[in-house]
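What follows is a set of notes on a single structure, which appears directly below.
The values are calculated or read from the model by the stated rules, or taken from the named source; none is laboratory data. All figures in this text were calculated on a predicted structure; none of them were measured in a lab. No Cβ is skipped: glycine too gets one built from the backbone with ideal geometry, and neighbour counts run over all protein chains shown.
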Amino acid sequence: MIMNHKNIIADWMQSHENELIRTAGYIFHHPELAYQETLSSQYLADFLERNGFRIEKKTAGIDTAFTAEWGEGRPVLGFLAEYDALAELGHACGHNLLGTGAAAAACALKADMDAGHISGTIRVYGCPAEEIMSGKIIMNNHGVFDDLDVAVTWHPFDRNRVSNDIWQAQDIKNYTFHGVSAHASRSPENGRSALDAAELMNIGVNYLREHVPGDVRMHYAYVDNGLPANVVPDYARTNYFIRSSRRDRTDDASQRVDDCARGAAMMTGTTVDIELVTSCKEMKVNRVLTEIYYQAMTNIPTPEYTQEELDYAARISEEAGFANNGIYFTGLEPLEDEPVPISIGTDAAEVSHTVPLITISAATMCKGTPLHHWAAAKQAGMSIGQKGMLYAARCMAEGTKLLIEDSGNLRKAWDFHKNHIL
């Protein structure tokens, strides 16, 4: 059965390849930070509208979010698109490819369902601000995904696989210390340094690292207070990411970091405001979905690369010092027997606790390339990244088609979703 619909999806992908590459290229060359993705979201929404989707802007009250919809009735199939960039690095996480690939998968599936007179609703959610762990969490809290039968997404990486990964549970917090300003030389005794408090807090957290589980990560950055060194600073702020592969461990570490901040304020005669910027659970992996999408991916050829692309991968690997031993790309990786904890996070994890969610990964960069790296951005803007995007789009479309061919599949996915405990 898969061969009948595979050709329709593959034909749609092939006939729209140039348009998809242009779309990804436009977003790549117009990198926009979280909640500023005006051009990117509009360009992607316009692409979907041209391909027969109805567009609703400002989903969940977010200016740069949108919902594109086609069809009616059940099942309701949601594709999650992203398009925000990173400061300084641009699309070093490949979200120009991610958003375009998700939209392409929805359009290719639409073509197949339309041709086969298959009932159902396809939605593409334009999700801003993933890089600050925000957009999908706000949308999820507004109930945007509540009526989905399944959510589908992907992420650029350096390999092709079904993502059987437990992305981390995270807290993002700001710690703002308030003290008393004074001249740092003439009357330092009158000052109460907010900067001292911030530094003492960070020292406490660095000692805390020995006494938390091995998968806990706590990292921070100072936010500039704009004062010269000859002033006792009455203001200092740090931004913290606190995360692990389990929500209960993240909660414990987060509370202990709060205690470090309160203790530092007591030691320095200052006060501290603790702001929870955003919080999400760990990814809830759905075994039923991973097996179905893996089955679909085994029937789809992975990208082939020209000698020019291989030479480019060799040059960038040498320049960046990637330890790939000259093996730049490989085929589909096997599906692991158990979920794999990884040391990164995504706001899509929050959605995975609302509805069954599947993520796939595709090689949009050569092996050894890390995310949030200049080499990842370089490859996201050229043919290596584009080939990975087209492959991912076809995998998502054909995997979703395989999912809905048997009405029992969604029931099994939901049973796993409701009954599986992390």
- prompt: Hey, does the stretch 147-157 have a residue that's polar (S, T, N, Q), closer than 26 Å to residue 403 by Cα, in contact with a Ser or Thr (Cβ under 6 Å, 6 or more places away or on another chain) and outside any helix (DSSP H, G or I)?
  reply: yes
query: Using beta carbons and a limit of 6 Å, which pairs, at least six apart or on different chains, have the first residue in the stretch 207-223 and over 13 Å from residue 168 (Cβ atoms) and in contact (Cβ under 8 Å) with a residue 24 or more places away in the chain and the second one of a type in the set (Phe, Trp, Tyr) and surrounded by fewer than 16 Cβ atoms within 10 Å (Cβ to Cβ)?
result: none
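To keep it simple, each residue is scored yes or no on (1) within 15 Å of the chain's Cα centre (by Cα); (2) small (Gly, Ala, Ser).
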position: 349; (1), (2): yes, yes
position: 358; (1), (2): yes, no
position: 405; (1), (2): no, no
position: 414; (1), (2): no, no
position: 421; (1), (2): no, no
field: Subset of the stretch 347-359 [buried (at least 23 other Cβ atoms within 10 Å of the Cβ) and either among the hydrophobic types (A, V, I, L, M, F, W, C) or not in a loop (DSSP other than H, G, I, E, B) (or both)]
entry: 348, 349, 350, 351, 357, 358, 359
message: Cβ-Cβ distance below 6 Å, separation of 6 or more or different chains: which pairs start in the stretch 86-105 with a residue that is over 15 Å from residue 157 (Cα atoms) and touching a residue at least 60 places away in the same chain (Cβ under 8 Å) and end on one that is of a type in the set (Gly, Ala, Ser) and in a helix (DSSP H, G or I)?
response: 89/377; 90/377; 100/24; 104/393; 105/393; 105/397
- prompt: Given (1) surrounded by fewer than 19 Cβ atoms within 10 Å (Cβ to Cβ); (2) in a helix (DSSP H, G or I); (3) of a type in the set (Val, Ile, Thr), where does residue 421 come up short, assuming only one miss?
  reply: (2)
message: Out of 272, 288, I need the residue that is in contact with a Phe, Trp or Tyr (Cβ under 6 Å, 6 or more places away or on another chain), buried (at least 17 other Cβ atoms within 10 Å of the Cβ) and over 25 Å from residue 348 (Cα atoms). Which one?
response: 272
- prompt: Which residue, of 167, 154, is surrounded by 23 or more Cβ atoms within 10 Å (Cβ to Cβ), at pLDDT 95 or above and touching a Leu at 6+ places or on another chain (Cβ under 9 Å)?
  reply: 154
- request: Answer yes or no: is there a residue in the stretch 401-410 that is farther than 23 Å from residue 121 by Cα and either assigned by TED's automatic domain parsing to the domain that holds residue 298 or at pLDDT below 95 (or both).
  value: no
- prompt: Would you pick out the residues in the stretch 119-145 that are over 18 Å from the mean Cα position of the chain (by Cα), under 26 Å from residue 108 (Cβ atoms) and part of a loop (DSSP other than H, G, I, E, B)?
  reply: 119
query: What single numbered condition from (1) closer than 26 Å to residue 113 by Cα; (2) part of a helix (DSSP H, G or I); (3) in contact with a helix residue (DSSP H, G or I) (Cβ under 6 Å, 6 or more places away or on another chain) fails to hold for residue 362?
result: (2)
task: Tell me, yes or no, whether the stretch 200-220 has at least one residue that is touching a helix residue (DSSP H, G or I) at 6+ places or on another chain (Cβ under 9 Å), closer than 30 Å to residue 287 by Cα and among the small types (Gly, Ala, Ser).
output: no
statement: Of the residues in the stretch 370-404 that are among the β-branched types (Val, Ile, Thr) and more than 13 Å from residue 25 (Cα to Cα), the one that is surrounded by the fewest Cβ atoms within 10 Å (Cβ to Cβ) is 404
statement: The correct count of residues that are small (Gly, Ala, Ser), in a helix (DSSP H, G or I) and over 14 Å from the mean Cα position of the chain (by Cα) in the stretch 97-118 is 7
query: Applying the selection to the stretch 288-320, what residues are touching a Gly at 6+ places or on another chain (Cβ under 9 Å) and without any contact (Cβ under 8 Å) to a residue 12 or more places away in the chain?
result: 301
message: Looking at residue 15 and the list (1) of a type in the set (S, T, N, Q); (2) surrounded by 24 or more Cβ atoms within 10 Å (Cβ to Cβ); (3) free of Cβ contacts under 8 Å to residues at least 60 places away in the same chain, which single condition is not satisfied?
response: (2)
